[in-house]
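What follows is a single structure, written as structure tokens, with notes after it.
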Amino acid sequence: MASDTVSSLPPDLFDQTTVVSLLSTLAIVAAAYATSRQALAPATSTALRFLFVWHLADALCHFIIEGSFLYHCFFSYVVPGAGGAGDVAGLFPTPYNFLGHADRRIYGPQAGGSNPFAQLWMVYARADRRWAGADLAVISLELLTVFFDGPLAVYICYLIAKKNPKASIWMIVLATCELYGGFMTFCPEWLTGNINLDGSNFMYMWVYLVFFNMLWVFIPLYAVWYSVNDISSALGARGIKKNL
């Protein structure tokens with residue numbers, strides 16, 4: 001039975017591209033932590049340091065990784081049947097008239113060739129094939145993620161570093177965006193029987209789909225909890241001062 005299970009696993013489950021893709025996420029977290037050592041005072045609380053590292057890593061992920069996805073969705077394409085591009089078999093279809101083109105162009109990381117970021121997204125697309133191509137719902141969410149959530153996460157890091165209490169307000173705003181974005185990413189799949197998802201093995205199901213996505217559920221919820229307590233404490237202190 002064990003040998004049958006091993007033989008049923010995809011041969012590219014731990015190939016070089018997969019390993020490099022996973023290490024890139026660790027590099028982003030390491031860079032965010034190193035920055036926190038330089039930007040934050042030594043007396044900064046563990047909670048605030050964690051939130052600084054999270055928001056900086058969040059911003060870097062949005063700018064570098066998800067930004068590369070948008071790049072390939074808008075600029076990488078093949079035209080089936082032209083220049084030896086072949087047919088559309090096995091490719092994620094691009095909506096008709098995407099970006100005003102009606103020539104059957106196929107957009108997305110799947111058209112990115114050997115580009116490292118295209119290859120990174122093709123690794124994740126093994127678990128969720130929408131990220132191989134130009135899914136309109138995903139692109140719409142990622143536009144907001146890269147151009148609103150990313151800059152806001154950097155601003156939150158700046159506020160934390162400056163010990164500005166406004167950080168708690170903006171952390172709630174960003175966490176709400178992240179939670180809403182996560183729901184809108186997966187709700188269409190839940191309603192259609194997860195037709196684009198592949199949870200056939202541990203890596204696809206529990207690492208790609210569950211772990212990486214649930215980070216953007218539990219940590220934003222923690223950010224909300226921290227911020228609500230911080231704001232409540234400040235309002236409580238103001239109330240006590242008024243009654244003196």
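Assorted remarks:
- Working from Cα pairs under 8 Å separated by at least six residues, relative contact order for the chain is 18 percent.
- Gain in span if fully extended, residue 166 to residue 47, counting 0.36 nm per residue against the direct Cα distance: 41.2 nm
- Residue 234 paired with residue 137, simple spin-label distance in nm, labels 7 Å along Cα-to-beta-carbon: 3.7
- Of the trypsin sites (Lys or Arg not before Pro) found in segment 105-204, those that fall in a DSSP loop while having at most 15 other beta-carbon atoms within 10 Å are 162, 163.
- Alpha-carbon Debye profile of segment 35-176, log10 I(q)/I(0) at 0.12, 0.18 Å⁻¹: -0.58, -0.94
- Peptides ranked, highest mean first, by Cβ atoms within 10 Å: ranges 20-26, 64-70: 64-70, 20-26
- Dipole magnitude for segment 116-226: computed about the Cα centre from +1 point charges on Lys and Arg Cβ and -1 point charges on Asp and Glu Cβ, it is near 380 debye.
- Per-residue [θ]222 nm for the chain (sum of -39500 (n - 2.57) over DSSP H runs n ≥ 4, rounded to 500): -19500 deg cm²/dmol
- J(HN,Hα) series, segment 169-178, from Karplus relation 6.51 cos²θ - 1.76 cosθ + 1.60, nearest Hz, glycine and proline x: 5, 6, 5, 5, 4, 5, 4, 4, 4, 5
Values quoted throughout were computed directly from the atomic coordinates according to the rules given, and no laboratory measurement underlies them. Predicted, not measured: the structure shown is a model, and the values here were computed from it. Here the Cβ is made from the backbone with ideal geometry for all residues, glycine too, and neighbour counts use every protein chain on show.
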